[in-house]
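Down below is the structure, laid out as structure tokens.
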Amino acid sequence: MRNLFIFLWKYNFFLLFLFMESLCLYLVVRNNNFQHASVLNSANKAAANIQSVINSITDYINLKTENDALARENSALRSFIPDVNALDSVQRRFYNDTVYKQQYTFMTARVINNSINRRNNYLTLNKGSRHGVVPEMGVVCSGGLVGIVKDVSENYCTVISFLHKDSRISARIRKNGYIGSMVWEGFDPGTGSLKEIARHVNVQKGDTVMTSSFSGIFPEGILIGTIEEVDRNTSDNFYNIKVKLSTSFGSLSHVYIVSNLLKGEQRQLESALGNDR
């Protein structure tokens, strides 16, 4: 308290000056419409700027929650797109129209570990057996193809990335429907190779490559990439086709685990043909 009195006594003239200046400014603003409006507008502008900064900070803090909500929403929406439905054309009594039966479901997951600079790359996701994940489920993202589930624990699963020497995905060229296999040569994480496309097929740079209907893991029509280079000077009957991958593997954060509800039925039926092959 003593120090406070000493401070006030030492600077009493300066403090009195500030008080009188503030009083004069208040009287000028209060009794003059122009100054009153100017100060009010400036105050409102400053308050708006401060509120904008606060909202930006709040939005950034809540970004993870918003991303999780959007991922869940996208997962639900993907379950309704036509490419994930199997056409059930069985005619039922009193009904002549065809009906659609859902074949694929999508579950959101977060990438908690990922590699792209090895010959055999893997991902780890935060979903496991207690969430319904089993081996050989597909994994996709908003950009396209990611990989296939390998091992599953209670709360986690590992995924064989497309960036793996054993990856081989059935693919088709969208414009003409020709089927081939997508593989990764082990060099650039941004490119893959489309194999088994015969040299008589019309293939051009910029053509879109997507998953085919031959896969029991991925729905048909999942984007893989675009053709970047076509080598027509080969010694065999097939092109060497370089594909720019649509998935940015180095920045994966949220993905979708794909479940084919009819895969068991398909595998059981195809296994019955084993003895005849």
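Would you pick out the residues in region 124-156 that are in contact with a helix residue (DSSP H, G or I) (Cβ under 8 Å, 6 or more places away or on another chain) and free of Cβ contacts under 8 Å to residues at least 60 places away in the same chain?
Val152, Ser153, Glu154, Asn155 - these are the residues of region 124-156 that are in contact with a helix residue (DSSP H, G or I) (Cβ under 8 Å, 6 or more places away or on another chain) and free of Cβ contacts under 8 Å to residues at least 60 places away in the same chain.
What's the total number of residues in region 114-146 that are of a type outside the set (Ser, Thr, Tyr) and assigned to a strand (DSSP E or B)?
Adding up the residues that qualify gives 10.
So in region 157-167, with the set limited to residues that are modelled with pLDDT of 95 or more and not in a strand (DSSP E or B), which one is farthest from Val146 (Cα to Cα)?
Ranking the qualifying residues of region 157-167, first place goes to His164.
Pick from Val209, Val255: which is closer than 29 Å to Asn114 by Cβ, at pLDDT 95 or above and hydrophobic (A, V, I, L, M, F, W, C)?
Residue meeting the stated conditions: Val209.
Return the only residue of Ile224, Ile241, Ile257 being on the phi < 0 side of the Ramachandran plot, assigned by TED's automatic domain parsing to the domain that holds Ile179, part of a strand (DSSP E or B) and in contact with a His (Cβ under 9 Å, 6 or more places away or on another chain).
It is Ile257.
From the set of residues in region 192-208 that are out of contact with any Leu (no Cβ under 6 Å at 6 or more places or on another chain) and under 21 Å from Gly147 (Cα atoms), which is surrounded by the most Cβ atoms within 10 Å (Cβ to Cβ)?
By that ranking, first place goes to Leu194.
Give Val255, Val243 a once-over and let me know the one that is within 24 Å of the chain's Cα centre (by Cα), under 15 Å from Gly192 (Cβ atoms) and among the hydrophobic types (A, V, I, L, M, F, W, C).
Matching residue, one of Val255, Val243: Val243.
Which residues, counting only those in region 179-212, are free of Cβ contacts under 8 Å to residues at least 24 places away in the same chain and either among the β-branched types (Val, Ile, Thr) or part of a loop (DSSP other than H, G, I, E, B) (or both)?
Within region 179-212, Val183, Trp184, Glu185, Phe187, Asp188, His200, Gly206 meet the criteria.
The values are calculated or read from the model by the stated rules, or taken from the named source; none is laboratory data. Nothing here was measured: the structure is a model prediction, and the numbers come from that model. A quick note on method: Cβ atoms are made from the backbone with ideal geometry, for glycine too, and the neighbour counts reach across all protein chains shown.
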